[in-house]
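The values are calculated or read from the model by the stated rules, or taken from the named source; none is laboratory data. Quick caveat, the model's predicted, so the values are computed rather than measured. Positions of Cβ are backbone-derived with ideal geometry, glycine not excepted, and every protein chain shown enters the neighbour counts. When the accessible area is computed, the model is the full protein with side chains, heavy atoms only, and any ligands, DNA or RNA have been set aside. Shrake-Rupley method; radii C 1.70, N 1.55, O 1.52, S 1.80 Å.
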Amino acid sequence: QRYAWPPVLHAGRKCHVRAYGLLTSDGRALVHRRAFLHVANGPFGLDGGGGGRGGFDDSVHITNCCANSHDPERFAGEICADLLATKSSRRANAEGDDLPLGEYFPSIAASLAALAERIAPFVRGGENNKGFEYLGLDYVLSSVPDGGGRKRRPAAYLLEVNAPPSQDTATGLDRAEALHDEVISDLLRLWVLPNLGIIDRQGGEDNGWTCVYEPPPGDCAGTHPVPSRAAITNKMRWAASERRRLRESGRSEADDEEKPADGERAGQCESRSSSEENRIFASHARAQFPYFRNHPREIFFESGGGAQVPRAVADAVSSSLLRRDRSTLGAASRRSARR
């Protein structure tokens, strides 16, 4: 990626913003006001900090929190920020003031809106079960010319998108944990709990979330890029798999119940709602995971990464570990590679 110039400095160090976004199955894109500012370990300078490979010192230019947390003496930790604030305001349940970054919000909002519009054909689906994508958006802060004079306006360049973002913090500080808790709690109140019928949908303020994009009326497909043949084929295969699983789950549940008369059975099939089909499919999917089978009322908001695996995967890994002589195979592979 091209180096964003000129970079915005915080206390003389290069920085980037971790914002949190949300894409919903109705086509909207939202940004949460709470964010983190991540800062490089070393002071910024055009000479790259006087060291490193070819004058490039990682500690001067790299702002990634995981890459910098190894040096506790220079690591700035997670700095809490507010994307809607133009001046510091003390927040409840947080220590200190949030850094005001409201001047960069228009650029961040425009970036996520453009992203939501362009990827719309590739992430469609989930309307029946009210699906969503929870995003971690990393932005490098800079400025661009505003008009013909020397005046410049704030700009945020999208560095990467994490879907979903990690909910771990590098420091474990109360203020950082509280920020994560607030974002997730607002997500639950805005989208998850109302769609599960647990709480009523609230109007007005969107619980910390600001809508930055809504699809146009009718959402004409001709205005979007056409998905590739592979994307369409994969979607068809997944839909066929879902239908097969629903049929299998439906038969399994029917076997445990008293069989109704043919006329009554037909009436039940015709009246089965999409919400009932979603419930059956969700129950079948959760049953494949030992953790969720034992904890039926819990949901998992962290990136998978092997933290929760289906029984079939666990059995395959166990079989591999128990039946293979891994040390012998590994030694043979090393000998083969050296030859």
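Just a few scattered comments:
- Using θ = phi - 60° and Karplus 6.51 cos²θ - 1.76 cosθ + 1.60, couplings along region 285-295 (whole Hz; Gly, Pro as x): 5, 5, 5, 6, 9, x, 4, 6, 5, 8, 10
- Other residues whose C-beta falls under 12 angstrom from the C-beta of ALA76 contribute a net charge of 0, scoring Lys and Arg +1 and Asp and Glu -1.
- Treating r as the C-beta distance of ALA67 and ARG247 and R0 as 41 Å, the FRET efficiency rounds to 0.25.
- For ASP71, the accessible area of its heavy atoms, probed at 1.4 Å with every protein chain present, is near 40 square angstrom.
- Using a Förster distance of 30 Å, the FRET efficiency for LYS235-ASN195 (Cβ separation, nearest 0.05): 0.85
- Of the residues PHE292, PHE44, PHE132, the one with the largest accessible area comes first in the ranking PHE132, PHE44, PHE292, computed with a 1.4 Å probe on protein heavy atoms.
- Heavy atoms of LEU190: accessible area, 1.4 Å probe, square angstrom to 10: 20
- Rolled with a 1.4 Å probe across the full set of protein chains, the surface gives SER142 an accessible area near 0 Å².
- Solvent-accessible ranking of PHE105, PHE36, largest area first, probe 1.4 Å: PHE105, PHE36
- Extension gain (nm, one decimal) between TYR291 and ARG150, 0.36 nm per residue minus Cα-Cα: 44.8 nm
- Near PHE292, once Lys and Arg are set to +1 and Asp and Glu to -1 for all other residues with Cβ below 13 Å from its Cβ, the sum equals +3.
- Using the Karplus relation 6.51 cos²θ - 1.76 cosθ + 1.60 with θ = phi - 60°, the per-residue 3J(HN,Hα) values for region 183-193 come to 4, 5, 4, 5, 5, 4, 5, 6, 10, 6, 5 Hz, with x marking Gly and Pro.
- Across LYS130, LYS151, LYS14, the residue with the most accessible area heads the list, and the full order at a 1.4 Å probe is LYS151, LYS130, LYS14.
- The string of couplings for region 72-80 from the Karplus curve (6.51, -1.76, 1.60, θ = phi - 60°) is x, 6, 10, 5, 7, x, 8, 9, 6 Hz, one whole number per residue in order, with x for Gly and Pro.
- Solvent-accessible area per residue for region 108-191 (1.4 angstrom probe, square angstrom): 50
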